[in-house]
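Student: Below are the C-alpha cells for one structure; questions will follow.
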Amino acid sequence: MNVDQVQVRSLGQSGTSAEKIPGGDEQSRGLKTIQEVQAYTVAGIAYESYPVYIPHVCVVVLLQSDIKGCQKKLVEQLTQRIQESPGPPTRKLIARCLATLFSVGDTFLLFETVNKCNDILKNKDDSPSFLPTRLAAISCVGLMYEKLGRMMGRSYQETVQILVKSLRSAESQTRIEIMLTLEKVCSGMGSAVSNVHKEVYKAARPCLTDRVMAVRCAASKCLLEMLNHAPFLYTAELESLATLCFRAFDGSNYEVRCAVAKLLGALIACTQQPQKGNPAALWYLEWTLFCVLVCYAAAQNKGAKPISLEEALGVLMSGFLRGGVGFLKGTGEMIKGSSGVNREVRVGVTHAYVVFVQIMGGVWLERNLTTLLTHVLDLVANPKAASSHVDAVYSRKCINFILRSVLGRMLGEKAQASACKEITQIVAKQMASIGEFNLTLFELYF
C-alpha cells in the first residue's frame, strides 16, 4: 500500500478526478494536484468540499505492521513533496504525516529525513521560488521535534545552529517559521536542550522587537515556552528580558500586546514560585508531570536568589511609569518634561499585571491582597503616571481594568468585600498624606 492507492470519489459518482476539486475549506486551500490531495488524506483527515468528498474510510486504521511495511515508500513520497514548493496548508500536512509515521512506525529513517531537511536549510538559494521548499523543511523539522521529543537524539544541535545562522539574513516569513520551530524544539526536547537555550534566547531577542508584528508574536511564544525549561530567564536575565518586553510593546498591535503580555506576566510569576517550577506550566500539565517539574526546578534554582513580591512588582512599575528605559535615557526625558512612556507600552504592562495575577491564582491573591492593592493605587497616584490630563485619564483607565479583571473575576463575594475595605483604607491614607502636605505648604507660604 502506498499513497498512490488512495481513491477519490464524489458523493454521487465514482472516478471523479482530483484536479476538479475546488479550493476547499480554509484548512485544505491550496491543494491543487492529486499528489497534494493524496498527501492530505494520508494525514488521516477527511477532506470534505462540495461536490467532491474523500471519505475517511480511505485511510482506514492500519495496523502498525502494515505501516512498517510501506513506511519507506511513504517517507520517500512525503520528502519528495517537500521539494515541490508546497503551500502553507500542504506543508503543515506533510509535517504532520512525517511526525505521525515516525511516532507510530519505525524510526530507522528518522535521522536521514532530518538530515535531508537540514540540507535544504543549508541551501543558500535566496530566490522566491525556493522559499516554499525552505519553509516546508523548517515546518517538518519543528513538528517532528515537537511530537517525537527526545527520540530525535542529539540532532537538535545541528538543527538549532542552522536555524539560528539562517535567521540573520532571512526574510519575515522565514523568521516566523524559525521562531515557531525553535519553540517546538524547546517544547519537545524539554531540559535536554539546555545547552542551546542561551543560543536560542540570543536569537529571539532581536525578533521580539522586529518591525514585522507576526515575528514579535512568534518570538514571544518561543520565549514563553523557554520559561518552562530555562530558569536563567527569570533569574539572571529578569530585568533584561522585562526591558525587552517593554520595547516590544512600543508600536505594537493588539495581537503583539496580548502575546508579549503573556510572556511578561509569566516571567514575573516565575520569580514568585521558583520552588514550584514554572507556574505558566500549570495551565497545560497534569499533576503527575507537574510534581516531576517541582523537583527539577528546585534543583535548578537551588542557588538562585529569591525575589520578593515588591521587587517583582517594581519591575512592572518601571515599565508602566518609564517604559523600561535606562537611567541615563530617562534622565534626558525628565529634564525635557515629557513622560517618555508610550500609551501602547502602558496598556501592554496593564495586561501583564492581569496575566501575572491570573497565573498566581485566587488563593495567592487573597493572601497578598493588601500588597497588590497598595502597589496598584500607588501606581496611579504617582506623578509620572499623570504628567498631563490625558495621561492621568489613561492611567486611571488602566488601573480600573486591573481592578475589574482581578478583583471582579477572581474573588468571591466575601473576598471582594474585604478588598473594598482595603481600597477605602488605602485611599483614606493617601488623602490624609495629601492633606498634610498641603497644610505644610500653607504654613510655609503664609
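The values are calculated or read from the model by the stated rules, or taken from the named source; none is laboratory data. Computed from a predicted structure; not experimentally measured. Glycine also receives a Cβ, built like all others from the backbone with ideal geometry; neighbour counts cover every protein chain displayed. Ligands, DNA and RNA are stripped out before the accessible areas are found, and what is left, the full protein with its side chains, is counted by its heavy atoms. Shrake-Rupley method; radii C 1.70, N 1.55, O 1.52, S 1.80 Å.
Student: Output yes when any residue across the range 221-228 is in a helix (DSSP H, G or I) and over 12 Å from the mean Cα position of the chain (by Cα), and no when none is.
Tutor: no
Student: So if I check each of Cys245, Cys258, Cys222, which one is more than 16 Å from Ala352 (Cα to Cα), modelled with pLDDT of 95 or more and out of contact with any Ser or Thr (no Cβ under 6 Å at 6 or more places or on another chain)?
Tutor: Of Cys245, Cys258, Cys222, the one residue that is more than 16 Å from Ala352 (Cα to Cα), modelled with pLDDT of 95 or more and out of contact with any Ser or Thr (no Cβ under 6 Å at 6 or more places or on another chain) is Cys222.
Student: Right, here's the next one. Please state which one of Tyr234, Tyr201 is under 14 Å from the mean Cα position of the chain (by Cα) and of a type in the set (Phe, Trp, Tyr).
Tutor: Tyr201
Student: Does Val164 count as part of a helix (DSSP H, G or I), β-branched (Val, Ile, Thr) and crowded, with 19+ Cβ neighbours inside 10 Å?
Tutor: On the way: part of a helix (DSSP H, G or I): yes; β-branched (Val, Ile, Thr): yes; crowded, with 19+ Cβ neighbours inside 10 Å: no.
No.
Student: Tell me which of these Asp126 doesn't satisfy, since it passes every other one: (1) in contact with a helix residue (DSSP H, G or I) (Cβ under 9 Å, 6 or more places away or on another chain); (2) farther than 22 Å from Val75 by Cβ; (3) of a type in the set (D, E, K, R).
Tutor: It fails just one condition, (1).
Student: Another question, then. For the range 103-129, name all the residues that are surrounded by 14 or more Cβ atoms within 10 Å (Cβ to Cβ), hydroxyl-bearing (Ser, Thr, Tyr) and modelled with pLDDT of 90 or more.
Tutor: Thr113
Student: Based on what the data block shows, is Glu183 open to solvent by 50 Å² or more (accessible area, probe 1.4 Å) and either modelled with pLDDT of 95 or more or out of contact with any His (no Cβ under 6 Å at 6 or more places or on another chain) (or both)?
Tutor: Taking the combined requirement at face value, the residue does not satisfy it.
Student: Quick check on my filter: what residues within the range 239-264 are assigned to a helix (DSSP H, G or I) and among the charged types (D, E, K, R)?
Tutor: Once the filter is applied, which keeps residues that are assigned to a helix (DSSP H, G or I) and among the charged types (D, E, K, R), the range 239-264 yields Glu239, Arg247, Glu255, Arg257, Lys262.
Student: Do we find a residue being among the small types (Gly, Ala, Ser) and in contact (Cβ under 8 Å) with a residue 60 or more places away in the chain anywhere in the range 365-381?
Tutor: no
Student: Suppose we filter Pro88, Pro128 for residues that are closer than 27 Å to Met226 by Cα and in the same structural domain as Glu177 (by the TED database); which single one remains?
Tutor: That would be Pro88, the only listed residue that is closer than 27 Å to Met226 by Cα and in the same structural domain as Glu177 (by the TED database).
Student: Name the single residue that is nearest to Met151 (Cα to Cα) among those in the range 86-102 being open to solvent by less than 10 Å² (accessible area, probe 1.4 Å) and not aliphatic (A, V, I, L, M).
Tutor: From the range 86-102, those open to solvent by less than 10 Å² (accessible area, probe 1.4 Å) are 86, 90, 93-95, 97-99, 102; that's our starting set.
If we keep only those that are not aliphatic (A, V, I, L, M) as well, we get 86, 90, 97, 102.
Values: Pro86: 27, Thr90: 25, Cys97: 17, Phe102: 10 Å.
Applying the filter and picking the extreme gives Phe102.
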